[in-house]
Amino acid sequence: MPAALPNRIPNGGLGRQGEDLRADDLGSDDLRQSDLVNGDPRQRLIVALDVSTAAAARKIVAAVGDSALTYKVGMQLYTAEGPQVVRDLVASGRQVFLDLKYHDIPNTVGAAVAEAAKLGVSMLTVHASGSGKMLRAAVDAAQARPGLMILAVTVLTSLDAGDLEKVGISGSVEESVLRLATIALANGSQGVVTSAREASRLRSELGHDFAIVTPGVRPAGTSVADQVRVVTPAEAIASGASHIVVGRPITEAADPAAEARAILGQISR
């Protein structure tokens with residue numbers, strides 16, 4: 001991602017009191033649920049860069065422009081391009097949600113999180129099923145970058161109860177999500193990743209002082225692809241999500257900026 005990307009991102013009419021917003025001025029404390037209710041709706045939207053090259057990612061970021069502040073770098077792009085794509089996004093003023101879903105022994109995960117902190121990412125994922133010790137190691141390592149948000153993945157949005165049963169996990173998806181989220185928050189995670197279908201119960205039983213990031217979000221009328229537990233952007237926010245992750249509906253749109261703005265309008269109502 002070359003330096004040609006603008007470092008300063010204008011608010012485009014979406015910021016507080018007409019102020020310009022710098023993406024790197026928005027620490028994770030700004031991203032918490034309590035700060036999102038009346039703030040810039042772009043703080044809720046994460047655009048997924050699920051592409052194989054830095055050039056493709058660059059094209060998406062340029063096309064979206066100031067309609068988004070945060071971009072997800074997942075396994076596909078990171079494996080193809082390595083950490084430089086993250087560095088370049090951060091240098092351009094964007095926030096990065098590093099979605100590599102770390103799941104290993106505590107020492108290994110802690111070391112990986114420490115390296116991610118050096119890259120300047122704002123949010124990253126670990127698997128809640130990796131145990132309280134692993135989660136605590138991730139949280140402790142994240143202290144190297146104040147404000148870095150550790151998000152614990154509960155149950156992937158591509159899974160349903162039948163899939164869980166096949167791997168030996170009994171009970172409903174909702175029960176599994178609640179159990180894993182409880183473990184994650186007890187061990188210092190600042191938020192969880194789950195479908196919005198479970199967000200309402202998490203808010204009811206665990207409160208509001210943590211982030212809920214929901215993938216599997218699709219505007220009404222678009223393809224759900226390989227997702228199972230899918231909701232619309234407005235449904236996700238109404239259910240208690242603090243952030244939504246949207247990929248193909250934006251990145252494959254004829255006008256990505258317009259599609260992003262349409263989604264911002266839906267989650268602002």
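The values are calculated or read from the model by the stated rules, or taken from the named source; none is laboratory data. These numbers come from a predicted model, not from an experiment. Here the Cβ positions follow ideal geometry from the backbone for every residue, glycine too, while neighbour counts run over all protein chains shown. Just the protein is used for accessible areas: all its heavy atoms, side chains included, with ligands, DNA and RNA removed. Shrake-Rupley method; radii C 1.70, N 1.55, O 1.52, S 1.80 Å.
Quick look at the values:
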{"item": "Close pairs from the stretch 109-124: first over 17 Å from ARG94 (Cβ atoms), partner open to solvent by 10 Å² or more (accessible area, probe 1.4 Å) and among the acidic types (Asp, Glu), Cβ under 9 Å, at least 6 apart", "result": "GLY110/ASP140; ALA112/ASP104; VAL113/ASP140"}
{"item": "Residue within the stretch 16-32 that is buried (at least 19 other Cβ atoms within 10 Å of the Cβ), assigned to a helix (DSSP H, G or I), at pLDDT 50 or above and not acidic (Asp, Glu) present", "result": "no"}
{"item": "Selected residue (criterion: surrounded by the most Cβ atoms within 10 Å (Cβ to Cβ)) from residues of the stretch 211-242 that are in contact with a Gly (Cβ under 8 Å, 6 or more places away or on another chain) and either in a helix (DSSP H, G or I) or at pLDDT 95 or above (or both)", "result": "ILE212"}
{"item": "Qualifying residue in the stretch 180-187 (condition: outside any helix (DSSP H, G or I) and crowded, with 17+ Cβ neighbours inside 10 Å)", "result": "yes"}
{"item": "Subset of the stretch 131-183 (residues that are of a type in the set (Val, Ile, Thr) and in contact (Cβ under 8 Å) with a residue 60 or more places away in the chain)", "result": "THR157"}
